[in-house]
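**Q** Take this structure, written in structure tokens, and hold onto it; I'll ask about it next.
The values are calculated or read from the model by the stated rules, or taken from the named source; none is laboratory data. Values in this document were obtained by computation on a predicted structure and should not be read as measured data. Neighbour counts run over all protein chains shown; Cβ positions are idealised from the backbone, glycine included.
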């Protein structure tokens, strides 16, 4: 019989690919399988056949609106539990966890919060989870104590905390599709000769999920995991433009709209006008809006239904090589790559 390990230690170490002595080579799953790396030095995971059939169909409320969600909203719903001497990993719905441990039940509540398009109140969570308030309070306290959620300053609403999003980022960065995504970015760089990045939205910032630098001597270097403001980046404006209007208005209402350069759109009316153009044309520019001398063009990466913008693909270069005048020439290559990337995120 193997010794159990605390969940928080398990999930963070496993999905970063570190060795973990308490994992069994027989750690099987309904949706994922725990496996050793080829050299036997570390543990990783891989999807099995059930993963593809269930990944985009799971919904705690069984409503269409929750079926297609942002990557972090889907991927943090990977629950780990110790059973019969070995670890299992599964994707769970509320029905799956009714007889499970309190920790696992609390994680099902985490998925509800992640799937919502706004920071929910206690009343909204009570309705969505169909739970009595004392139970809901207990689960929320558990998640807050684990630093997976936090309350907004008004004390009434809840949102994901940095630990939950860091876990989702680690899973996306180290899952089997990450190698495919990186290779796609490398092909874009070879074809267009400029640096490109794959980004996701985290809160009010854009995070670089992956990036490949061009070989050109004049370039701006960003690292994987870098963050840029949503209103002053091509990818960020793409995410805003593709949001439902009510969600977009709520997010813009929380932004400081800091001016980074003379070109930054620091006025709500000007930003909304630009977002309308982006939604109409299907691509976004960062015309020296974050860093002077840097131009960027971004295209969306949609879910399988073509509705939700899961991520964005962006090309970045100094203005001497990339500008409004020639950016459109790069769009066919970027859009083709975006379609390929979408398959790795679904």
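**Q** Looking only at the range 193-216, which residues are touching a strand residue (DSSP E or B) at 6+ places or on another chain (Cβ under 6 Å) and over 23 Å from residue 166 (Cα atoms)?
**A** Within the range 193-216, 194, 195, 213, 214 meet the criteria.
**Q** Do you know which residues across the range 250-266 are loosely packed, with under 12 Cβ neighbours inside 10 Å and at pLDDT below 95?
**A** Listed by number, the residues that qualify are 253, 254, 256.
**Q** Looking only at strands (runs of 3 or more DSSP E) that fall completely inside the range 248-346, which ones have 2 or more residues that are within 20 Å of the chain's Cα centre (by Cα)?
**A** 294-302, 309-318
**Q** Please go through (1) surrounded by 14 or more Cβ atoms within 10 Å (Cβ to Cβ); (2) assigned to a helix (DSSP H, G or I); (3) modelled with pLDDT under 50 for residue 87 and return the number of the only condition it doesn't satisfy.
**A** It is condition (2) that residue 87 fails.
**Q** Looking at residue 208 and the list (1) outside any helix (DSSP H, G or I); (2) not assigned by TED's automatic domain parsing to the domain that holds residue 233, which single condition is not satisfied?
**A** Result: residue 208 fails condition (2) only.
**Q** Within the range 176-190, can one find any residue that is closer than 30 Å to residue 121 by Cα and crowded, with 17+ Cβ neighbours inside 10 Å?
**A** no
**Q** Look through 225, 203 and report the one residue that is assigned by TED's automatic domain parsing to the domain that holds residue 248, under 26 Å from residue 270 (Cβ atoms) and either surrounded by fewer than 16 Cβ atoms within 10 Å (Cβ to Cβ) or within 14 Å of the chain's Cα centre (by Cα) (or both).
**A** Answer to the selection: 203.
**Q** Follow-up. Only one of (1) surrounded by 15 or more Cβ atoms within 10 Å (Cβ to Cβ); (2) closer than 17 Å to residue 294 by Cβ; (3) under 17 Å from the mean Cα position of the chain (by Cα) fails for residue 219. Which number is that?
**A** Among (1) surrounded by 15 or more Cβ atoms within 10 Å (Cβ to Cβ); (2) closer than 17 Å to residue 294 by Cβ; (3) under 17 Å from the mean Cα position of the chain (by Cα), residue 219 violates only (3).
**Q** To continue, here is another question. Scan the range 239-249 and give yes if some residue there is in contact with a strand residue (DSSP E or B) (Cβ under 6 Å, 6 or more places away or on another chain), under 23 Å from residue 341 (Cα atoms) and buried (at least 17 other Cβ atoms within 10 Å of the Cβ), otherwise no.
**A** There is at least one residue in the range 239-249 that is in contact with a strand residue (DSSP E or B) (Cβ under 6 Å, 6 or more places away or on another chain), under 23 Å from residue 341 (Cα atoms) and buried (at least 17 other Cβ atoms within 10 Å of the Cβ).
**Q** Please pick out the residue among 192, 122, 109, 131 that is modelled with pLDDT under 85 and touching a helix residue (DSSP H, G or I) at 6+ places or on another chain (Cβ under 8 Å).
**A** Only one candidate passes the filter, namely 131.
**Q** Regarding the range 151-164, can at least one residue be identified that is touching a residue at least 12 places away in the same chain (Cβ under 8 Å), crowded, with 16+ Cβ neighbours inside 10 Å and under 27 Å from residue 297 (Cα atoms)?
**A** So far as the range 151-164 goes, no, none of its residues is touching a residue at least 12 places away in the same chain (Cβ under 8 Å), crowded, with 16+ Cβ neighbours inside 10 Å and under 27 Å from residue 297 (Cα atoms).
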